[in-house]
Amino acid sequence: RLFYRYRAVLMRVFITGAGGQLGQALLALPARADIEWLPFTRAQLDITDRQAVQRLVAKYRPDVIINTAAYTAVDKAENDTEQAFAVNARGPEILAKVCAEHQIALVHISTDFVFAGNASQPYSEVDATDPQSVYGRSKLTGEQAILKSPGIQALVLRTSWLCSRYGHNFVKTLLAKMQQGQNLTVVNDQ
């Protein structure tokens, strides 16, 4: 008899924004022998610094980069346009170019704020975009930069309402207000 020995292929997954809500949730997933997580917080990697991105990619040689780094202060972005565009547009563009150069797949997390927000039914990926805020415009610019990068293998995921046990989010805010006995006023059309 012939015996075949199964050997799992190790996939190296580089995570930007690993200190944020989504990055932490990914890292909390059950360990798998075939995945090596390479997490980098904002303090460890500024995605707007092309040389830093290039240096870490060359050092760790990931198979995939999951970009969870983002400027997410939606209201604050209106007065902090430059920083919102740096992180949400220029950073993803840099990641896309480095990924294309090194033949690395890129998974980019975006937002439903790229839409106008006035549809009467759920949006689909082919619906026209029309962001109504600096935050939405910055995220759309980042998406477009990625998808237009020559040679890129990318997936853009648009989310809404991230909720986890990490960071600040809508569910944790509601729970805190309820524990304090505060009355809640919440939108009911989403």
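The values are calculated or read from the model by the stated rules, or taken from the named source; none is laboratory data. These numbers come from a predicted model, not from an experiment. We place every Cβ from the backbone using ideal geometry, glycine too, and count neighbours over all the protein chains shown.
Within the range 19-41, track down each residue that is touching a residue at least 60 places away in the same chain (Cβ under 8 Å) and either part of a helix (DSSP H, G or I) or touching a helix residue (DSSP H, G or I) at 6+ places or on another chain (Cβ under 9 Å) (or both).
GLN21, LEU22, GLN24, ALA25
When you go through (1) in contact with a Lys or Arg (Cβ under 6 Å, 6 or more places away or on another chain); (2) in a loop (DSSP other than H, G, I, E, B) one by one for TYR71, which number turns out not to apply?
Going through (1) in contact with a Lys or Arg (Cβ under 6 Å, 6 or more places away or on another chain); (2) in a loop (DSSP other than H, G, I, E, B) one by one, TYR71 breaks only (1).
Would you check which residues across the range 93-119 are more than 19 Å from TYR60 (Cα to Cα) and in a helix (DSSP H, G or I) and list them?
The answer is GLU93, ASP112, PHE113, VAL114.
Looking at the range 169-190, which of its residues are at pLDDT 75 or above and either surrounded by 12 or more Cβ atoms within 10 Å (Cβ to Cβ) or under 25 Å from GLY23 (Cα atoms) (or both)?
Of everything in the range 169-190, those that are at pLDDT 75 or above and either surrounded by 12 or more Cβ atoms within 10 Å (Cβ to Cβ) or under 25 Å from GLY23 (Cα atoms) (or both) turn out to be THR173, LEU174, LEU175, ALA176, LYS177.
So if I check each of GLN83, GLN51, which one is within 21 Å of GLN144 (Cα to Cα), of a type outside the set (Val, Ile, Thr) and surrounded by fewer than 19 Cβ atoms within 10 Å (Cβ to Cβ)?
From the options GLN83, GLN51, the qualifying one is GLN83.
Residues that are touching a strand residue (DSSP E or B) at 6+ places or on another chain (Cβ under 8 Å), within 14 Å of GLN144 (Cβ to Cβ) and of a type outside the set (Lys, Arg): does the range 63-78 have at least one?
There is no residue in the range 63-78 that is touching a strand residue (DSSP E or B) at 6+ places or on another chain (Cβ under 8 Å), within 14 Å of GLN144 (Cβ to Cβ) and of a type outside the set (Lys, Arg).
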